[in-house]
1. So how tilted is helix 49-61 from the main axis of the chain? Cα-based, degrees 0 to 90, rounded to 10.
2. In terms of modelled amide H atoms, which long-range or inter-chain residues lie less than 5 Å from the amide H of E137?
3. Out of residues 5 or more away from E120 or on other chains, whose amide H comes under 5 Å of its own, with H placed 1.01 Å from N in the peptide plane?
4. Mind listing the long-range amide H neighbours of A65? Cut-off is under 5 Å, sequence gap 5 or more, other chains count too, H placed in the peptide plane at 1.01 Å from N.
Amino acid sequence: MAFEDLLEDPVVQTYLHELVGPRGMPVAAAPPDGEVTDEELAEDLGLELNDVRRALFILYENDLASYRRLRDEDSGWLTYLWTFEYESIPGNLQDEMGRLLEALEERREYERNNEFYLCEVDSLRFEFGEAMEFGFECPQCGSELESMENDRLIDAMDERIDDLRDSLTVPA
């Protein structure tokens, strides 16, 4: 995928937004070519320097940016020159999808292996043991807890798991 196409991909945009938030998105969404200082970015984008630095640090933590330091010979001040490295975004997204798949599989097993009861008034759900402790009455409103079927939820999880496995080319 070409670099420009990568940045226009809605999945990539969502991923970057989740990482840096709305204040950091201008930094992440339009990375300059070559090295740039945080001060230059703040000025070019019309952002607060702290917002730019926060976004750069988050990108750095996620291997999407790197920096090198230069020390001014006269003043001793350090200047950080930042470079954006978005080549790892596809791999990061694959890793995220893998973690999501694992979490969904665990949740599906939890749903399959437990019996649930629902308070239809307060929309609260309880495992069998909890419901039994409360005498099958909602501890909040006192209404009777009803046995809850979660087959539709499990079916939806199965579909999502299959889709993720197909995307990741993971065998069932």
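1. Tilt of helix 49-61: around 70 degrees.
2. L145
3. Hits under the 5 Å cutoff: E146.
4. Y60, E85
Values quoted throughout were computed directly from the atomic coordinates according to the rules given, and no laboratory measurement underlies them. Just so you know, these numbers come straight off a predicted model, no measurement behind them.
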